[in-house]
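Contents: one structure, followed by commentary.
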């Protein structure tokens, strides 16, 4: 009997180890299979370009390029910026609940007047449809996860990155409406010419987390339409109502910048 029980425990242990091993493999493999690349590294398939003052997909002066698997914002063919803010939108679908990650890197020289735009770009979350924005509109109604680069001598004093700006929107921070259009994160400062990897977790209009190096450096809640200076006639009847979903866009705002490894995982 003891011999039989001994073999039973041995068999049970082996089976348990196999099941556990399979379970761990499933847990390790399933997250990677959930991630979707938004940029194929070779073409702008699925992306639409909108530069202020120009028609949709008029890539004025080759503002957006593809180099070495990255989306590149370039001003090599510009003589002056002249308020030609732009965005490149991923328009294959809107996103509502998701985990987004990408790398960005500032490079080159600032072209725009005003130190506020120095080494300044971002990713727009819950953005409006680029096919419906006005021709001269510089910024889509959205939430901006703002990128700032390097040790900057800025008059506004903001040096952190992955901040939050709210064009045409309002958010709450610590249960109160954010008092300023742009709010600082708690990030450290990252130098120019170096890739920075960021992550953003979005749960519709409820809550958004900004993450760098596995550290949540900013959280805000209650995302909704506002009637600020960035609002447009398209949304005048939605002021105060939740902004639950939208497109993702990458900004060109006057300083050369690169984006790569743009990945998304939709959440339940």
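The values are calculated or read from the model by the stated rules, or taken from the named source; none is laboratory data. This is a predicted model, so every value here is computed, not measured. Heads up, the Cβs are rebuilt from the backbone with ideal geometry, glycines too, and the neighbour counts pull from every protein chain shown.
Among the residues of region 185-225, the ones that are at pLDDT below 95 and surrounded by 14 or more Cβ atoms within 10 Å (Cβ to Cβ) come to 2 in all. Only residues that are surrounded by fewer than 23 Cβ atoms within 10 Å (Cβ to Cβ) and in a strand (DSSP E or B) were counted in region 103-126, giving 2.
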